[in-house]
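> Take this structure first; my questions come after.
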Amino acid sequence: MHARPVARHHVTAPHRLALPGPPTIAAAVVDEAVAEAVTAELERCCAHFVAHSRSLDPVFARDVAERLATFTCGGGSRIRPRLLWWALRACGGTDAHVPGALRVAAALELIQSCALVHDDVMDQSEVRRGGPSFHAQIASQYSRSVAAAEPGLSAFAQSAAVLAGDLALSWADDLVAEADLEPPVRAEVLRVWRAMRTEMIAGQYLDLHGQATSSRSAVQAMRTACLKTARYTVEQPLALGAALAGSDEATTRALTAAGRCAGIAFQLRDDLLGVFGDPAVTGKPSGEDIRSGKATYLLALAHSGARAVAGTPVLDLLRGCRGNAPLSGAVLSSVREALRSTGAPARVERRIERLSRASGRHLAAAALQDPSARHLSALLAQVASPPRCGHLTTEPAGPGGSSR
């Protein structure tokens, strides 16, 4: 009896993993188009990562790596890289700082992809940036196959998205690790980077914890907003820019204080947009926070306001929406009116305005260089106080029946 020959599979030689060197570009050129310069760096780096993925397995490369690269390079406002860049320039960054800054800025976009892909899995959200979320794309791709008829498709798609988020974080870490930085600068950049990663995850966990425990603590909601958004989205990108420029401690402290205030204001505004915003503008369905029972500052204030005036119908309405399918227009209108009746949206607006003013005061105390300081000031003001939520006012109706 002859032994069955062992099948031999051809394995492609792995793509060389070392990243290509950064381009030579003047700081003044980047000043004119920061987002475009960061996107170009992302495309170069992601092309390299995708090539490596193809050498490992074509299915993995097609389903995960290429999709992740497209998601990262093709969308987003590049707010974190822009904050990093203008902090760098306002702290005295020059042409010599450009390669390292663009590399770290690209890493920020990849860690943002990690956060968004994972966030959509945890929230079971089917929409991101006006199109299908990452796991929804995977599910749609395989729903056309025979195997997709099996009940495990949704779990497979979500698990694939978790892996994609992990891959984005790995790519981000690779970029920071290989950034061309002087030893003292590298040490400070790595310190901020490591802190930011843990803060982001801590904030996400607090978000989940508040949702699971039906927390209505305004203090806890603000802590979550600080960790999940303010530090990760605004404060730490500014700290990275200052670190790359070798800024002094006093300037960095004032700069990051300005960023924290602006970042909290940004999250509070995002909470309002989640209820009162136009999905065509936000790219996300309205009412998702209500349906999922998110422990936002807005809802914490609404619950305390309703309890203060024995507003049981308001509380019943909010509880009844939790766990439902996407809210209908009629239900969402009722929720909006109920929230206005508690005064919570108007209180959030006032808190945003105070935070925005505080951000401006902290920034004025920093020893920054013009004209970059003016760019940074305008950007922080935009973060802290973007346009309100469209035609849907958050103010309660006044005595005459119109909003104030």
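The values are calculated or read from the model by the stated rules, or taken from the named source; none is laboratory data. The structure presented is a predicted model; accordingly, all values stated were derived computationally and were not measured. All Cβ positions, glycine included, derive from the backbone under ideal geometry; neighbour counts span all protein chains shown. Each accessible area value is taken on the protein alone, full model and side chains, heavy atoms only, with ligands, DNA and RNA left out. Shrake-Rupley method; radii C 1.70, N 1.55, O 1.52, S 1.80 Å.
> Please find, within segment 29-58, the residue that is nearest to residue 95 (Cα to Cα) out of those that are open to solvent by 10 Å² or more (accessible area, probe 1.4 Å) and among the acidic types (Asp, Glu).
Checked segment 29-58; the qualifying residue nearest to residue 95 (Cα to Cα) is 31.
> Let me ask another. Taking residue 168 as meeting all but one of (1) crowded, with 16+ Cβ neighbours inside 10 Å; (2) over 17 Å from the mean Cα position of the chain (by Cα); (3) closer than 18 Å to residue 64 by Cβ, write down the number of the exception.
Among (1) crowded, with 16+ Cβ neighbours inside 10 Å; (2) over 17 Å from the mean Cα position of the chain (by Cα); (3) closer than 18 Å to residue 64 by Cβ, residue 168 violates only (2).
Every residue, every condition in (1) at pLDDT below 95; (2) under 21 Å from residue 114 (Cα atoms); (3) not hydroxyl-bearing (Ser, Thr, Tyr), yes or no:
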{"residue": "229", "(1), (2), (3)": "yes, yes, no"}
{"residue": "237", "(1), (2), (3)": "no, yes, yes"}
{"residue": "254", "(1), (2), (3)": "no, no, yes"}
{"residue": "273", "(1), (2), (3)": "yes, no, yes"}
{"residue": "278", "(1), (2), (3)": "yes, no, yes"}
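> Residues that are open to solvent by 60 Å² or more (accessible area, probe 1.4 Å), part of a loop (DSSP other than H, G, I, E, B) and modelled with pLDDT under 95: does segment 375-389 have at least one?
yes
> Just wondering, is there one or more residues in segment 140-147 that are part of a loop (DSSP other than H, G, I, E, B), over 25 Å from residue 43 (Cβ atoms), touching a residue at least 60 places away in the same chain (Cβ under 8 Å) and of a type in the set (A, V, I, L, M, F, W, C)?
Initial filter on segment 140-147 (part of a loop (DSSP other than H, G, I, E, B)): 144-146.
Narrowing the set further to residues that are over 25 Å from residue 43 (Cβ atoms) leaves 144-146.
From what is left, the residues that are touching a residue at least 60 places away in the same chain (Cβ under 8 Å) are none.
No: zero hits.
> List every residue pair whose Cβ atoms lie under 9 Å apart, where the two residues are 6 or more positions apart in sequence or sit on different chains, the first residue falls within segment 27-49 and is basic (Lys, Arg), and the second residue, located anywhere, is modelled with pLDDT of 95 or more and open to solvent by less than 40 Å² (accessible area, probe 1.4 Å).
Correct list of pairs: 44/106.
> What helices (runs of 4 or more DSSP H), lying completely within segment 243-359, carry at least 2 residues that are of a type in the set (Val, Ile, Thr)? Working first, answer last.
Details: elements: 249-276, 279-282, 288-292, 297-308, 312-321, 329-342.
It comes to 249-276, 279-282, 312-321, 329-342.
> Ok, one more. Considering only segment 191-202, how many residues are farther than 9 Å from residue 240 by Cα and either within 16 Å of the chain's Cα centre (by Cα) or of a type in the set (A, V, I, L, M, F, W, C) (or both)?
Taking segment 191-202 as the starting set, the residues that turn out to be farther than 9 Å from residue 240 by Cα are 191, 194-202.
If we keep only those that are either within 16 Å of the chain's Cα centre (by Cα) or of a type in the set (A, V, I, L, M, F, W, C) (or both) too, we end up with 195-202.
Of the residues in segment 191-202, 8 are farther than 9 Å from residue 240 by Cα and either within 16 Å of the chain's Cα centre (by Cα) or of a type in the set (A, V, I, L, M, F, W, C) (or both).
> Do we have any residue at all in segment 84-91 that's modelled with pLDDT of 95 or more, surrounded by fewer than 20 Cβ atoms within 10 Å (Cβ to Cβ) and of a type in the set (A, V, I, L, M)? So that I can check it myself, show each step before the final result.
We begin by selecting, within segment 84-91, every residue modelled with pLDDT of 95 or more; these are 84-91.
Retained after the next criterion (residues that are surrounded by fewer than 20 Cβ atoms within 10 Å (Cβ to Cβ)): none.
Checked segment 84-91: no residue is modelled with pLDDT of 95 or more, surrounded by fewer than 20 Cβ atoms within 10 Å (Cβ to Cβ) and of a type in the set (A, V, I, L, M).
> Please state which one of 77, 159, 125, 154 is farther than 27 Å from residue 48 by Cα, among the hydroxyl-bearing types (Ser, Thr, Tyr) and open to solvent by 20 Å² or more (accessible area, probe 1.4 Å). If you could, list the steps in order and put the result at the bottom.
Details: 77 fails: farther than 27 Å from residue 48 by Cα; 159 fails: farther than 27 Å from residue 48 by Cα; 125 fails: open to solvent by 20 Å² or more (accessible area, probe 1.4 Å).
Answer to the check: 154.
> Testing residue 259 on (1) in contact (Cβ under 8 Å) with a residue 24 or more places away in the chain; (2) of a type outside the set (A, V, I, L, M); (3) in contact with a Gly (Cβ under 7 Å, 6 or more places away or on another chain), one condition comes back false. Which one is that?
Tallying (1) in contact (Cβ under 8 Å) with a residue 24 or more places away in the chain; (2) of a type outside the set (A, V, I, L, M); (3) in contact with a Gly (Cβ under 7 Å, 6 or more places away or on another chain), residue 259 fails exactly one: (3).
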